[in-house]
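The values are calculated or read from the model by the stated rules, or taken from the named source; none is laboratory data. Computed from a prediction, not measured in an experiment: that's the story for all the values here. Cβ placement follows ideal geometry from the backbone for every residue including glycine, while neighbour counts extend to all protein chains displayed.
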């Protein structure tokens with residue numbers, strides 16, 4: 001049973017989860033030189049998303 005998403009923060013959480021999942025899968029295909037930079041981006045991306053979300057609400 002699929003329920004309706006009624007909270008905007010839930011949509012942001014679903015997007016962040018999908019982005020993290022796809023980023024983890026694509027990390028395998030990157031060269032070792034780029035992997036370190038990409039890992040820092042993947043760690044900072046959800047924080048950036050939540051920060052922008054709350055900045056818009058403010």
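Quick notes
- Any hit, the stretch 35-58, residues being at pLDDT below 90 and not in a helix (DSSP H, G or I): yes
- The one condition from (1) at pLDDT 85 or above; (2) outside any helix (DSSP H, G or I); (3) surrounded by fewer than 11 Cβ atoms within 10 Å (Cβ to Cβ) that residue 3 does not meet is (1).
- Qualifying residue in the stretch 22-39 (condition: touching a residue at least 24 places away in the same chain (Cβ under 8 Å) and in contact with a helix residue (DSSP H, G or I) (Cβ under 8 Å, 6 or more places away or on another chain)): no
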